[in-house]
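Asker: Here it is: the structure, laid out below.
Every read-out reported here was derived from the displayed coordinates using simple, explicitly stated rules and does not represent laboratory data. Being a predicted model, the structure only gives us computed values, none of them experimental. A quick note on method: Cβ atoms are made from the backbone with ideal geometry, for glycine too, and the neighbour counts reach across all protein chains shown.
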Amino acid sequence: MSRTFHEKNHHRKDPRAERLPLLFAHYDTQDGASILFRVESLDEFPDGPIISHIGYMETVEGNSFSMTCQVDSNPLPFSVSWTKDNNETFHFNSSVLTIDHVSRYDSGTYKCTAANLIHPSGQFEQSLNDTEEFYLNVQYGAEIINVSILENSTLNENGTATLLCQIDSNPESNISWTKQGTESTLSISVLQSQLILENVQCTDTGNYTCRASNGISDPVEQWIQIYVTCHPRTDIRSPPVTKVYSKLNGNANLTYTVISLPEPTFTWSFIGNGSQNICMSHSAKQDDAGLQSTIKLINLDMNDFGFYKVKAYNSFPPSASEVFELIQVGKQLIFIKS
């Protein structure tokens, strides 16, 4: 029997078509018959595994995650496994990688490896394998690790304060700074987590809040307090009423508010018949509350009207002072008959 072979390569989408030809075989038998063999399927040929491309995946912390390693192989692979970041301690023997409760620490590069055994005609048994990697990006909400001040938390006036806010989040967070008691935002940034206060004044004393959000979870915030020391001075935000009107046998309050750190000591005195501390008078009561002092005068008599002076001082000179005038109203007129 004589035979003639005709071979021709055909290009296919299957990657194995680059390595395996499509064969045509023509046989002539002794009795003159002719037989033509044609192999149309690459599956007729044993070949190593081919893993489909995966690439890049995203998920959110707390979710479940599953990824299947799609393998094309003839014969079927005898082994499919997963590894992570070339870490030998992480080894998952299955074509399906499953993580029930994803954490941020599950981010990384995962590699699927598939292997099979082929028996080429006239050759020894061969073990072939293929690998494919993908990166898993686990996103999670903002977390404030620490809020601190680069300098001492107690500063002198005209100094500089640098507030730091350490954030952990994926993706990056929008970060803003606000001061307690104010509606305006002092700073907002994606990359910069520090707030620099230059030429600080006593009025900069207070709580500063760092707020971070990246849209994955609810915003988080944390505050830090700074102190700016200064000598007492009149608080122009609460200017004193220096002329107070009252009637005989009535009552009157004289109030003075300052800016000061540390808190000041207040002393009041009456200006008129010499200088005396009116806190010793039965008709006056001094009420101090931090940065504010009030003299409460009750059941006024003629000697209570006049000028009062308040002085505020702490360990930083100079002191602050203000003069008040208590004016009598509704004076009774006395008519004398001639």
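Asker: Would you mind counting up the charge near Thr59? Only other residues with Cβ under 14 Å from its Cβ, with Lys and Arg at +1 and Asp and Glu at -1.
Answerer: With Lys, Arg at +1 and Asp, Glu at -1, the net is -3.
Asker: Show me 140-147, 178-185 ranked by packing, highest mean number of other Cβ atoms within 10 Å first.
Answerer: 140-147, 178-185
Asker: Please give the contour-minus-distance gain from Ser321 to Glu183: 0.36 nm per residue of separation, less the Cα-Cα distance, rounded to one decimal in nm.
Answerer: 46.5 nm
Asker: May I pose another question? Just report the Cα centroid separation between region 69-143 and region 185-231, whole Å.
Answerer: Each part's Cα centre sits 47 Å from the other's.
Asker: Excluding Gln225 itself, calculate the net charge of residues whose Cβ lies under 12 Å from the Cβ of Gln225, where each Lys or Arg counts +1 and each Asp or Glu counts -1.
Answerer: On the way: positive: Lys179; negative: Asp204.
Result for the neighbourhood of Gln225: 0.
Asker: Follow-up question, since we're still on this one. By counting other Cβ atoms within 10 Å of each Cβ, how are Cys230, Cys112 ranked from fewest to most?
Answerer: Ranking Cys230, Cys112 by Cβ neighbours within 10 Å, fewest first, gives Cys230, Cys112.
Asker: Label-point separation (nm) for Ile271 and Ser52, each offset 7 Å from Cα along Cα-to-Cβ?
Answerer: 9.2
Asker: Treat each spin label as a single point 7 Å out from the Cα along the C-beta direction, and report the Ser217 to Val329 distance in nm.
Answerer: If labels sit at Ser217 and Val329, their model points lie 6.0 nm apart.
Asker: Answer rounded, prolate or oblate for region 47-140, using the Cα gyration tensor with square roots of eigenvalues a ≥ b ≥ c: rounded when a/c is under 1.5, else prolate when a/b is larger than b/c, else oblate.
Answerer: Prolate, since a/c reaches 1.5 and a/b exceeds b/c.
Asker: For Asn137 and Lys247 in the same chain, what is the full-extension length gain: residue separation times 0.36 nm, less their Cα-Cα distance, in nm?
Answerer: Once the chain is fully extended between Asn137 and Lys247, it gains 31.8 nm.
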